[in-house]
Every structure is written in C-alpha cells, then in structure tokens.
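Okay, so here's the structure we're looking at.
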Amino acid sequence: PALGMFRCAGRAHVGSAKNMPKAGKGKAAADKKPVHPYSRKAAQIARGAIRQEKKERHRTEKALRLNAIGEKLLWFQSQLDPNKSEYTKADVCELVERYLRRFDGELEQIALVNGIRGRQGRQHGSRESALKQAAERERTQYEGYGMEIPDLINSKHLKTFREWSGDLKKLPNIKMRRVSAKAGESEQREAEEGEAAGVRDDNDDDMSAEDSDPESQEDEEL
C-alpha cells in the first residue's frame, strides 16, 4: 500500500495514506465556480444589483429633496419680521413673491458680465440656465396648484418655525401650508370690494344726512 509520512513530537512516523485527512472541497470551491449568464444564479445576482441600485437612487433623491426643502425654509426664516406674531394671507403672498425673485440679482450680474464680454463667449451659462428653470418652475407652481411654505398664519406654528435650528431631521415638526397666487388675488379683490362698499356706504350716509337736514330742505324750497 502507498505510505504517507507525517511528523509528531519531533519523531517521524509512517502511516497509511488512507488515514491522512483529505483536502476540503466545501463551499469555497463551489463559490469559485463560474456562473452561467443564463442560469438562475445569474438572474438572482442581477435582481439583487438592480434592487441595490434602486435603494441608492431613492436615498440620493430623498437627500436632495430634503436639502431643497431645507434651503427654502432657511430663506423664509431669514426673512421673518421679528415684530410679527402672525402673518396675514396678503403678507404671505408678498413674501412668496420676494422668494420667487430671489435670483434676480444674480441673473442681472451674469447678464452684465456676458454683455461686457460680447460675443467672445458666455460665462456661467449652466448656472444661468439652472436659475431660470428653477424660477420658471416655481412660478408655474405658485400660479397653479400652489407652493408649500411654512405656516406663518398660525401663531403657534410660526413660533415653532422661528425656533427651528435648521436640522433636517426636525422637519416633521414644521407645519406647512400651500399658498397660491389665485388665493392672494381673490383676497386682494375682496379687500378692494370691501373698501369700495365702505365708500358707497359713507356716501349713502352723507346723502341721508342731507335729506334729513331741515335747513337743506328749506333752501331747496326757496
């Protein structure tokens, strides 16, 4: 029979080869086996990669969305009037209009620089395009179904918003309100109609007073 030799405690011993331990053929060898591109294993790996890619994309989109909301809220927080305990709808609409025009200064600077350079080449073209697209998108949103902003009309919600530290994890604590240009226009129209009605009432009162004045009646008779 074939013989194998192994050492034990410094002395050589001779033993049968069949008694020697065999090399493991376990899972490691199976994992190294190439995967057939049309096998179930390949399909499983592909599905896992797609699922992981979707998770990463959703995570990135969520982070971008939260950052955009955070920037908007910080802008509104920086514009708050410290003397106001609450805002009217007209105040809110005016504040939104200022928010929609927040890029005007930068766009004017870009246009000025490009005007000086003439036809030699436009600078900051991608930035200019991004700002114009953002302004147009927000304007369409505000004039359509409305734009979400912090609730400044409710005094309690306004106080919570003032105390916000800018931590994105605490965004759920801030109450939001949807504001549209249509609502602001209707309120302004109602206010104007109310003022006009008040003027008409004053005129009617003056005319009634003249009609009831006996001296004016005597003058008319004379």
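Kindly indicate whether any position in the range 2-21 is touching a strand residue (DSSP E or B) at 6+ places or on another chain (Cβ under 8 Å), of a type in the set (D, E, K, R), at pLDDT below 75 and not in a helix (DSSP H, G or I). Looking for residues that are touching a strand residue (DSSP E or B) at 6+ places or on another chain (Cβ under 8 Å), of a type in the set (D, E, K, R), at pLDDT below 75 and not in a helix (DSSP H, G or I), one finds at least one in the range 2-21, hence yes.
Among the residues of the range 122-152, those identified as under 30 Å from Lys175 (Cα atoms) and acidic (Asp, Glu) are Glu136, Glu138, Glu143, Glu148, Asp151.
Close Cβ contacts (under 7 Å, 6 or more residues apart or on different chains) running from residues in the range 143-163 that are open to solvent by 10 Å² or more (accessible area, probe 1.4 Å) to residues that are among the hydroxyl-bearing types (Ser, Thr, Tyr) comprise Tyr145/Ser180; Ile153/Tyr87; Ser155/Ser85.
Regarding Gln109, is this residue surrounded by fewer than 13 Cβ atoms within 10 Å (Cβ to Cβ) and at pLDDT 95 or above? For Gln109, the condition - surrounded by fewer than 13 Cβ atoms within 10 Å (Cβ to Cβ) and at pLDDT 95 or above - is not met.
Pairs linking a residue in the range 99-117 that is without any contact (Cβ under 8 Å) to a residue 24 or more places away in the chain to a residue that is surrounded by 11 or more Cβ atoms within 10 Å (Cβ to Cβ) and assigned to a helix (DSSP H, G or I), with Cβ atoms under 6 Å and 6 or more positions apart or on different chains, are Ile110/Glu128. State whether one or more residues within the range 112-131 are small (Gly, Ala, Ser), open to solvent by less than 100 Å² (accessible area, probe 1.4 Å), at positive phi and not in a helix (DSSP H, G or I). Looking through the range 112-131, at least one residue is small (Gly, Ala, Ser), open to solvent by less than 100 Å² (accessible area, probe 1.4 Å), at positive phi and not in a helix (DSSP H, G or I). Could you please tell me which pairs satisfy a Cβ distance under 9 Å, a separation of 6+ or placement on different chains, a first residue in the range 51-67 that is in contact (Cβ under 8 Å) with a residue 40 or more places away in the chain and on the phi < 0 side of the Ramachandran plot, and a second residue that is open to solvent by less than 90 Å² (accessible area, probe 1.4 Å) and in a helix (DSSP H, G or I)? Cβ pairs passing all conditions: Leu66/Leu168; Leu66/Leu171; Asn67/Leu168.
The values are calculated or read from the model by the stated rules, or taken from the named source; none is laboratory data. All figures in this text were calculated on a predicted structure; none of them were measured in a lab. Glycine gets a Cβ as well: all are built from the backbone with ideal geometry, and neighbour counts include every protein chain shown. To get the accessible areas, we keep the full protein, side chains included, count just its heavy atoms, and leave off ligands, DNA and RNA. Shrake-Rupley method; radii C 1.70, N 1.55, O 1.52, S 1.80 Å.
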